[in-house]
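Structure record follows, encoded as structure tokens.
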Amino acid sequence: MCISIISPDSCRQEREYIYNLVFSRFLGLEYVIDFSPTDDVRIVINELEISSPDIFLSQANENWLDKKSMSFEATPVYFSTEELLDTNSIPAWFYSTDALNTGKSSIPVYEQTNNLIDIKFDLFGSIFFLISRYEEAVCTSLDEYDRFPVIESLLYQNQLYLRPLVNEYLSILSKILTIQNTNLKLKQHNFGQVISCDIDWLFFPPVKSKTDILKFIAAQAFRNKSLLNPINNTLDILKSRIFGYRYDPYNTFELLLRRAEETGSELVFYLMSGDTDSKMDGNYSLSDKRFIEVVSQLAKCDNVSFGLHGSFDSYQSGPEIRRQKRALDNFFTKHNIDCSVKHYRQHYLRWNGLTTPDAITNAGLVHDSTLSFAETSGFRSSFCHEYPLYDLIGRRTLPVFETPLIVMDGSLLQPKYLGINSNTEAQDYIWSMKNQCIKYGGKFTLLWHNSSLLSELEKELFLGATKLSP
């Protein structure tokens, strides 16, 4: 069955991108596009016609990536979805003003008259706006690490960052499509889990030089007003240096491997091969014998894959990312490890929406899993499925696929972020997101560092976060 899309003629590249994402990649439907001078998007399937107002792209077309294209109310309008979603209502920033003039206490998300269904908000423009992270490309505010701050996000400002809104929009469209086409077969999606580990610090403590080790121990003594932690830390360092890496506190790879096998999860280790900031990048090199031993052992496991963990200052440089990719590829070849580097995640989750996607593409990488809010975790792309990245400057679909990162250990545990110190509270927070991934047959991607499995709380949180049911 082929769907006909009658679409406005502006922003063709963006519309082709979003129609392909929605109808081909997600719904598994064939379609044809008829670009014409129209004020809305119309979907024709058999005798049913579905319309959705065209708001965002038509407005952005005249002011692409300009702040003027963001001149809309920060607070969304909520449409009633009682018949379609168990959330009862769904927010949208782009909608026809006529939809608000109904005189009703609640605004229905759609109205049907015979074979005509009128969706009251800009469904396709809303999806593009959220999944392309358009607002980040326009925003000039940055945090201490030159990242887009979560507090600047419309999702955070409206407490919507824990909801995969794109999935909700697609669920609404799926159900509307089948109102009069009950035999329509849509693509089915099955839940999956990815456990990932960024190896920032291979060795304890998380410093680089012998002088830094002494400073670390002294700082521990000062911070805790006690010699107990420094003494224990010194003993841990001495044991690992004298008796081997198996005694290093950061050697938690056996737990990661065992948990991935128990839960049938994918397991991805992101490795650093470059050093562009002496203070921020890791404490190992590709020539370190202990690193070689660790990676060689991990590579023998069937469920393990590897990716590049781009160094701190590489996130805007295609040549630097390419150099680091080549170095890691050469490392695998030299040590007879059957792996070609295709996966990527940026150190500190640094991301510039205007430059990083193109830099990753130019480096020859295929998959990225950087996009999450470091401060809170959550659905930064409002989506829990893999999707192709979009180049907002070149205005083209990129051959790099994003697997959204949903939860990071540091977001939960670090005092400067959420600083959660209760297992129950943390599990509730994690599962508020994980249940959404299960509900929509998405992929729950978890980042847990090997250096964050030391305390009993950290281990309990990790085991709870990787369960397949609450």
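With the simple model of a label 7 Å out from the Cα in the direction of the Cβ, LEU85 to GLU111 spans 2.1 nm. The label-point distance for ASP98 and ARG396, in a model that sets each label 7 Å from Cα toward Cβ, rounds to 3.8 nm.
Here the Kirkwood formula, the inverse mean of 1/r across different C-alpha pairs, assigns region 131-205 a hydrodynamic radius of 16.8 Å. Distance between the modelled labels on SER24 and CYS2, one decimal in nanometres: 1.4 nm (7 Å Cα→Cβ projection). Tilt of helix 456-465 relative to the longest C-alpha principal axis of the chain, in degrees (0 to 90, nearest 10)? Here the helix axis deviates by roughly 30 degrees. Pairs of alpha carbons in region 2-177 separated by more than 28 Å make up 22% of all such pairs.
Could you check how many percent of all C-alpha pairs in the chain are farther apart than 42 Å?
On the way: 23401 of 110215 pairs.
In whole percent, the share of Cα-Cα pairs in the chain beyond 42 Å is 21.
Structure note, pairs LYS175/LYS434; LYS325/LYS467; LYS120/LYS434; LYS68/LYS175: Cα-Cα distances above 31 angstrom occur for LYS325/LYS467; LYS68/LYS175.
Would you mind finding the longest exposed-site-free stretch of the chain, with exposed trypsin sites (Lys or Arg not before Pro) meaning DSSP loop and at most 15 other Cβ atoms within 10 Å? Show your work: numbers first, answer last.
Details: sites that count: LYS104, LYS185, LYS187, LYS225, LYS279, LYS300, ARG395, LYS416, LYS467.
Answer - 1-103.
Using packing as a proxy for protection, rank 158-171, 83-96 so that the peptide with the highest average count of other Cβ atoms within 10 Å comes first.
Values: 158-171: 20.3, 83-96: 17.4.
Result, highest mean Cβ count within 10 Å first: 158-171, 83-96.
Here the scattering of region 47-95 is modelled by Debye summation over its C-alpha atoms, one equal scatterer each and no solvent; at q = 0.14, 0.19 Å⁻¹ the log10 of I(q)/I(0) is -0.51, -0.78.
For the chain, a crude dipole built from +1 on the beta carbon of Lys and Arg and -1 on the beta carbon of Asp and Glu, taken about the Cα centre, is about 1700 debye to the nearest 20.
By how many nm would the segment from LEU65 to GLN414 lengthen if fully extended, with 0.36 nm per residue of separation less the alpha-carbon distance?
122.3 nm
The gain in end-to-end length when the GLU254 to GLN159 segment is fully stretched comes to 30.5 nm, 0.36 nm per residue minus the alpha carbon separation.
Every number in this text was worked out from the coordinates using simple rules, so none of it is lab data. All of these numbers come straight from a predicted model, not from anything done at the bench. Cβ coordinates were reconstructed from backbone atoms using ideal geometry, including for glycine residues, and neighbour counts include every protein chain displayed.
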